[in-house]
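Engineer: Handing you this structure, nothing more for now.
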């Protein structure tokens, strides 16, 4: 038997594991994909239902399917289980429609290359460089110029060990405002800062996503989520999460 670990962005109350279970032992935990650590273990119950608390999960061992609460949709969950390595046929069939949907979405809206954050030449903890790149939005190809991301002017956290989130994105409103139409060069990304400081970056992420829904009507091309915490040394600790759906299938 082999130990299998899957980290899944939950998109449905029922998730099929990639491999057939070789044991009834399955562990599930809410997972912080930016900090790469478990947030909270979920309690397994025997009833196969989606009417669960967000601290619970259930397993259909015949189909190797995990049931979770609908309120967990949009969060990452880590599954740890045992398998002989045989692929789960239900995983392939259940994900076919989702895969086709993602392909159609990805061909119309995607980051082609670049547009990621790196350390700046000054090696300052408050400054990052967003690299130039290219992207497709609503089937139109554009080039991104690149810019600096200065934490000092982005309303940084001011309380030690508290997080703020920064949502970097491209949408129709940003293109209309910051695009050089002649050369198809975008000069700025959209940035939304969380409205408050939070104990964890999951809450900070929900904050910026809710702000986006209140501010814009067009579909976002998600570039990155940046999480910043003020450390005990009064410096900025930075974590960056690149949504894979914007960059890969």
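The values are calculated or read from the model by the stated rules, or taken from the named source; none is laboratory data. These figures come from a predicted structure and were not determined experimentally. Reconstructed Cβ throughout: ideal geometry from the backbone, glycine too, with neighbour counts over all protein chains shown.
Engineer: Can you tell me which residue among 91, 142, 178, 81 is free of Cβ contacts under 8 Å to residues at least 12 places away in the same chain and surrounded by 15 or more Cβ atoms within 10 Å (Cβ to Cβ)? Even if it seems obvious, please write down each step before you answer.
Structural biologist: On the way: 91 fails: free of Cβ contacts under 8 Å to residues at least 12 places away in the same chain; 142 fails: free of Cβ contacts under 8 Å to residues at least 12 places away in the same chain; 81 fails: free of Cβ contacts under 8 Å to residues at least 12 places away in the same chain.
Exactly one residue qualifies, and that residue is 178.
Engineer: Taking the residues in region 19-33 that are at pLDDT 95 or above and either in a loop (DSSP other than H, G, I, E, B) or touching a helix residue (DSSP H, G or I) at 6+ places or on another chain (Cβ under 9 Å) (or both) as candidates, determine which candidate is farthest from residue 82 (Cα to Cα).
Structural biologist: Checking each candidate, the answer is 30.
Engineer: Another one. Return the residue satisfying two criteria in turn: it lies in region 181-210 and is over 16 Å from the mean Cα position of the chain (by Cα) and touching a residue at least 40 places away in the same chain (Cβ under 8 Å), and of such residues it is surrounded by the most Cβ atoms within 10 Å (Cβ to Cβ).
Structural biologist: Ranking the candidates gives 186 first.
Engineer: Also: Does region 205-220 contain at least one residue that is at pLDDT below 95, under 21 Å from residue 116 (Cα atoms) and touching a helix residue (DSSP H, G or I) at 6+ places or on another chain (Cβ under 9 Å)?
Structural biologist: Within region 205-220, one or more residues are at pLDDT below 95, under 21 Å from residue 116 (Cα atoms) and touching a helix residue (DSSP H, G or I) at 6+ places or on another chain (Cβ under 9 Å).
Engineer: Then there's this: When the residues of region 34-47 are filtered to those that are surrounded by fewer than 12 Cβ atoms within 10 Å (Cβ to Cβ) and in a loop (DSSP other than H, G, I, E, B), which remaining residue is nearest to the chain's Cα centre (by Cα)?
Structural biologist: Filtering first and then ranking leaves 36.
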